[in-house]
1. So how strong a dipole does the chain carry about its Cα centre when Lys and Arg Cβ are +1 and Asp and Glu Cβ are -1, to the nearest 20 debye?
2. Using all alpha carbons of the chain, what is the percent of pairwise distances in each 20 Å bin, ordered from the shortest bin to the longest?
3. How much space per residue, in cubic angstrom, does the convex hull of the C-alpha atoms of the stretch 284-342 take up?
4. Mind jotting down the distance between the C-alpha centroids of the stretch 377-392 and the stretch 228-280, whole Å?
5. What ranking do Phe280, Phe257, Phe309 get, fewest neighbouring Cβ atoms within 10 angstrom at the top?
6. Past 24 Å, Cα to Cα: identify those pairs from Lys83/Lys223; Lys143/Lys223; Lys82/Lys143; Lys223/Lys291; Lys18/Lys83, in the order given.
7. Any idea which of Leu296, Phe101, Leu67 is furthest toward the positive side of the dipole for the chain, if Lys and Arg beta-carbons carry +1 and Asp and Glu beta-carbons -1?
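Read-outs throughout are calculated quantities, based only on the coordinates presented, and are distinct from any laboratory measurement. None of these values were measured; they are calculated from a predicted model. A quick note on method: Cβ atoms are made from the backbone with ideal geometry, for glycine too, and the neighbour counts reach across all protein chains shown.
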Amino acid sequence: MTKNYKKFFFAFRSLNNKNFRHLWFGQVLSAFGMHSDMIARAWLVWTITGSSTAIGSVLLVRAFPMLFLGIVGGVAADRFNKKRLLLFIQSWSAFMHLIMFLILFYGDIQMWQIYLISFGLGTSMAMNQPTRTSIIPYLVDSKNLANALSLNSIAINGTRFIGPALISILIYSVDIWAAYLCAFVSYFFVIIFTTKIKLSSSSVIKQKSNPLRQLLEGFIYIKDNRVVLAVVFLGLAPLSIGFAHQTLLPQLVDQKFGEGVRFLGLIQSTGAIGGLLGGFYIATRNRLNNKGRLMLIVTVSYAASLFGFGISSLEWALFILIIIIGSSQTIFRSLNSLTIIELSPEKLRGRVLSITLLDNALSPVFGLLVGVIADNWGVNVGYYMLSLGCFVIILIVLLIYPRIKNIS
């Protein structure tokens with residue numbers, strides 16, 4: 001028992017650093033706000049339109065800034081004071097959630113307003129992740145970098161375990177506006193934690209070159225580094241194609257199983273159990289060997305679980321499959337970020353990380369496409385197509401760069 005306790009606390013060793021602790025608590029609260037918005041937005045659009053295509057279109061609008069501003073965010077993270085940039089991003093997110101709350105509380109919301117605010121939140125998401133992730137190497141020792149990255153995943157999945165269920169109950173008991181009030185309050189405290197972070201002057205790398213040239217440097221580096229290129233391309237499977245299954249969940253819950261928003265929240269929370277298991281697996285490792293092989297294994301697991309969603313007619317099977325999906329995605333994301341940070345030069349780190357966010361930005365594109373398929377041919381077919389897409393990406397990566405499995 002003592003050994004298990006030591007292993008548990010060892011998993012949180014990066015929190016001994018006060019500055020990282022502030023960043024991590026901010027991540028916990030911002031993740032809660034993000035999950036509040038995710039559940040509320042999906043159910044709001046479904047209740048207004050009854051269409052998975054509409055849900056996918058809103059996600060696409062939200063992701064549109066990530067296709068462009070995400071890369072700009074990487075340049076900004078490499079060029080400017082990261083703490084000030086992060087505070088500006090978080091303040092904008094808080095403002096967007098406040099506006100959404102006020103519209104829902106005082107009037108009838110229209111789809112154009114959902115699109116507009118989704119776009120606004122997408123701009124902050126585009127800038128947030130490369131900035132936040134590029135701060136971490138300045139807060140923890142290199143030997144604890146994998147642990148710190150996995151703790152970020154634990155923060156996201158911990159709130160995902162509790163958050164969607166609580167938010168679903170809140171929506172059911174009060175109204176959708178309550179979810180956005182919670183999100184605003186969460187971001188208010190995120191800002192407070194971020195103000196407490198103290199960054200060394202070395203975190204600001206003075207770069208006087210043309211910003212456009214800096215932007216292109218990230219793409220050129222990935223193009224010329226086949227290892228990084230393969231890792232980024234593999235991310236299309238779980239982070240773009242696979243994650244698009246979120247678009248189908250309201251339709252799956254409502255039409256296939258005849259359930260409501262509480263069941264949707266329960267599925268989301270159960271998926272977080274898998275995410276927590278994956279996060280603890282990474283966090284408790286002293287060394288992470290065979291990263292390439294492990295990324296391939298969890299990507300195959302993700303693809304197979306999506307196929308299982310399509311063929312299953314049993315509610316209990318969904319919970320097993322969503323746990324596998326959650327753990328696979330967390331392990332992949334942690335290993336993906338760690339590999340890129342380890343391989344990328346310090347001066348390019350923010351830009352390279354921001355380019356990997358294109359995987360996330362493309363997810364709503366696939367979500368819209370699969371939403372159209374699900375509306376016309378059924379939600380099962382939608383899941384089959386997502387599974388097939390993941391397997392195709394795996395096959396392409398193995399054909400063009402088979403040595404990816406040797407990344408250690």
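1. 2000 debye
2. Taking all Cα pairs of the chain, the binned fractions are 28, 62, 10 percent.
3. Dividing the Cα hull volume of the stretch 284-342 by its residues yields 72 Å³.
4. Cα centres, the stretch 228-280 to the stretch 377-392: 13 Å.
5. Taking fewest neighbouring Cβ atoms as first place, the list is Phe257, Phe280, Phe309.
6. Long pairs (Cα-Cα over 24 Å): Lys83/Lys223; Lys143/Lys223.
7. Towards the positive end, the residue furthest out is Leu296.
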